[in-house]
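The structure under discussion appears below in the form of structure tokens.
The values are calculated or read from the model by the stated rules, or taken from the named source; none is laboratory data. If you're wondering where the values come from, they're calculated on a predicted model, not measured in any experiment. Heads up, the Cβs are rebuilt from the backbone with ideal geometry, glycines too, and the neighbour counts pull from every protein chain shown. Surface accessibility is based on the protein's heavy atoms, side chains included, excluding ligands, DNA and RNA. Shrake-Rupley method; radii C 1.70, N 1.55, O 1.52, S 1.80 Å.
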Amino acid sequence: MSSPKSASQSASLAAQSFGHRHLLGIEPLKPHEITAILDLADSYADLNRGPEKHSDALAGLTQINMFFENSTRTQASLEIAGKRLGADVMNMAMQASSIKKGETLIDTAMTPNAMHPDLLVVRHPHSGAVDLLAQKVNCAVLNAGDGRHEHPTQALLDALTIRRAKGRLHRLNIAICGDVAHSRVARSNLILLGKMENRIRLIGPPTLVPSQFAEFGAEIYDDMREGLKDVDVVMMLRLQKERMDGGFIPSEREYYHRYGLDADKLALAKPDAIVMHPGPMNRGVEIDGTLADDINRSVIQEQVEMGVAVRMAVLDLLAQNLRKSRADAAAAAG
Amino acid sequence: MTLLFINARLIDPEAGTDSLGALLVQEGKIVELLPESTDPAQLFRERNIDADSSVDRAEIIDCAGKCLAPGIIDIGVKVCEPGERHKESYKTAGLAAAAGGVTTIVTRPDTTPTIDSPEILEFVTRRAQADAPVHVLPMAALTKGREGREMTEIGFLMDAGAVAFSDCDHVVSNTKVFSRALTYARSCGALVIAHPQEPILSAGAAATSGKFAALRGLPAVSPMAERMGLDRDIALLEMTGAKYHADQITTARALPALERAKANGLDITAGTSIHHLTLNELDVADYRTFFKVKPPLRSEDDRLAVAEAVRSGLIDPISSMHTPQDEESKRLPFEEAAAGAVALETLLPAAMRLYHAELLDLPTLFRALSLNPAKLLGLAAGRLSAGAPADLVLFDPDMPFVMDRFQLKSKSQNTPYDGARMQGRVLATYVTGAPVFRRD
């Protein structure tokens, strides 16, 4: 079950039901495509736990990680995912380079594009920037987070973590708590979990959970204790201090008192409810440190592990579609 | 020079009529509206017009039942001279206007440098007269450098030909400065055009708050910011009694305040842009930056409410808010991309969408496109009445076409209607009786 062979078999099965050139967001995905990615990621999770963490799915391909915004974990996760699949991986830290010299995004992106990469992984501080870039380059683009818009691999890894912990990914009560307004993680999760037919509650102060999110079919609570009642999953979000240009909350201590997750508040959720956090955590601001480390409740480490598996699955699928479209183009050219 | 338009569907915004007839033009002025049955030969005999004279030619134009309306007067056109002539010059803006049936452009001062002194104003006036085939009336800035600190030389600028004073999309946030500028402008009889917006609430916004902005993760502003800006300006008008025009009212929430201010007898008018009348926030779709305008596109409910306000006459003129931007300014992530769209040539076809959707009839549309802006600026144009200048547009309201932005005469081609199926095209444009555009 945990041999590389099973991963490659499920990979070709999954590719048949995943028909996208890029992965720019969860929005264009259909439920069966989400399931296909998660199934493939499951087999990569097995591979990653085995003795030989290697496959040749991406052998001969070049993956460039372009990060216009600081990232440690996502970049490391994507780098290791690419390397375990045999790709040549290069990291470009963009915030330090040409952007400061006044070069436009398109020009900056055309430089690595001219080096013929096959997979371009991009993170950018502005919503829609990765979409724009995907229109201009001729390789597969994976969105590693654009502004407040989407962060699709995070939502997929969260979904995989939930499915493994709960045994299913539908008809669950899921609470997403905290800074929803500034969070691309919240948006992608809201879309994904909604597509898979779960009940979603958004919990936080109204300055951070704007009322228009109700139109996505979520229930909005500004009282955390009420919102956490009988939920199966508690997803905490990081308070994004760097994206706040005005006072959204009076102080961190008041925020922790009203919206920080501690054992007391968690007791209102179902007894087997799991606690999630996309990281990095502000301990003592949105989550109690002891709770975050409680292996009986917290699946935060599992999320990091599943991150690699999900990204391997996505890279594998994008690469398969890329190879297929190139083969089709070559056949058409005679 | 005599022109006789026959078989014309005359759109008369003053009388509110849309009927077949003929129109006689002499020496660049409208002489008379004539009945449908007018016989040209008999008319020329009666009026002692020698149709074959080599000195005073008379031309008969058979309109074949197409629409003849007073030329459009467009308040708030940006020509990028001085400073950014690569985006738009007086020549290209003039050609675009002529092709769009716009016979008078009222230009904005938000250039680089700002048009805020009589010397710069004289420069642009000279450039405009030399290059543009349509009438050009310049506006000047209300405050120096549009910085909201010191008022410009309003008196001198009026002497040099400024028809209105505006800081364009910069809101004069210092109420002391703004109230003094309004008071001083009143003493000169100057028209002040402002951008009603609460500047702090709307700072950094690229979209209107709502489901769409939330889904796309764009920084957004509540439509309430427009009403707050308008409410403030109305209070200052009560204080100062100035003559005031709000450049763009785009939300339903601002309309009751406008209605009350008008009912209270304040000297206030308000316009709107063709984009806010024909597009909504969802048109932005996948971050299409050609749809980024200022203020941002609104909800469909707002669009319909504003169209209804044009119909009722609460909103006075419709403008193109023509704002040329080069490719580099638009080929950026949505938040960073420049706002604005070119619209001189698409104004009339886009307005025809409102006619075909049965939201507005043609006399009502031309009341907003021609008559109301003329009244606002005290011009004799904008109507089909004897003595008015023969600034005319002949158009076919039904002619279908697919908009191709690369066919535009503007130097910049940032139109949101690129690729759109449109209905309604200008066939010919006349400025003081002379043809400045003819579609082949």
Out of all the residues in the range B:358-379, is one or more in contact (Cβ under 8 Å) with a residue 60 or more places away in the chain and surrounded by fewer than 19 Cβ atoms within 10 Å (Cβ to Cβ)? yes
Can you find a residue that is of a type outside the set (A, V, I, L, M), in contact with an Asp or Glu (Cβ under 9 Å, 6 or more places away or on another chain), open to solvent by less than 10 Å² (accessible area, probe 1.4 Å) and within 21 Å of A:LEU40 (Cβ to Cβ) anywhere in the range A:280-302? no
Could you please give the count of residues in the range B:386-440 that are open to solvent by 20 Å² or more (accessible area, probe 1.4 Å), of a type in the set (D, E, K, R) and assigned to a loop (DSSP other than H, G, I, E, B)? 6
Which residues, counting only those in the range B:280-295, are in a loop (DSSP other than H, G, I, E, B) and either farther than 17 Å from B:GLY204 by Cβ or within 14 Å of chain A (Cβ to nearest Cβ) (or both)? B:ASN280, B:ALA285, B:ASP286, B:TYR287, B:ARG288, B:LYS292
Considering only the range B:218-242, state which residues are in contact with a Phe, Trp or Tyr (Cβ under 7 Å, 6 or more places away or on another chain), crowded, with 24+ Cβ neighbours inside 10 Å and either farther than 28 Å from A:ALA181 by Cα or of a type in the set (Val, Ile, Thr) (or both). B:ASP233
Name the residue that is nearest to the other protein chains (Cβ to nearest Cβ), counting only residues in the range B:303-336 that are in contact with a helix residue (DSSP H, G or I) (Cβ under 7 Å, 6 or more places away or on another chain), surrounded by fewer than 24 Cβ atoms within 10 Å (Cβ to Cβ) and touching a residue at least 60 places away in the same chain (Cβ under 8 Å). B:LYS330
Exactly one of A:LEU142, A:LEU105 is touching a Lys or Arg at 6+ places or on another chain (Cβ under 9 Å), of a type in the set (A, V, I, L, M, F, W, C) and within 10 Å of chain B (Cβ to nearest Cβ), and that residue is A:LEU105
When the residues of the range B:198-217 are filtered to those that are open to solvent by less than 10 Å² (accessible area, probe 1.4 Å) and facing chain A (nearest Cβ under 8 Å), which remaining residue is farthest from A:SER183 (Cα to Cα)? B:ALA213
Could you say which residue among B:ALA15, B:ALA41 is open to solvent by less than 70 Å² (accessible area, probe 1.4 Å), out of contact with any strand residue (DSSP E or B) (no Cβ under 8 Å at 6 or more places or on another chain) and not in a helix (DSSP H, G or I)? B:ALA15
Looking only at residues in the range B:115-155 that are small (Gly, Ala, Ser) and crowded, with 18+ Cβ neighbours inside 10 Å, which one is nearest to B:GLY101 (Cα to Cα)? B:ALA132
Filtered residues of the range B:243-279 (kept if surrounded by fewer than 21 Cβ atoms within 10 Å (Cβ to Cβ) and assigned to a loop (DSSP other than H, G, I, E, B)): B:ASN264, B:GLY265, B:LEU266, B:ASP267
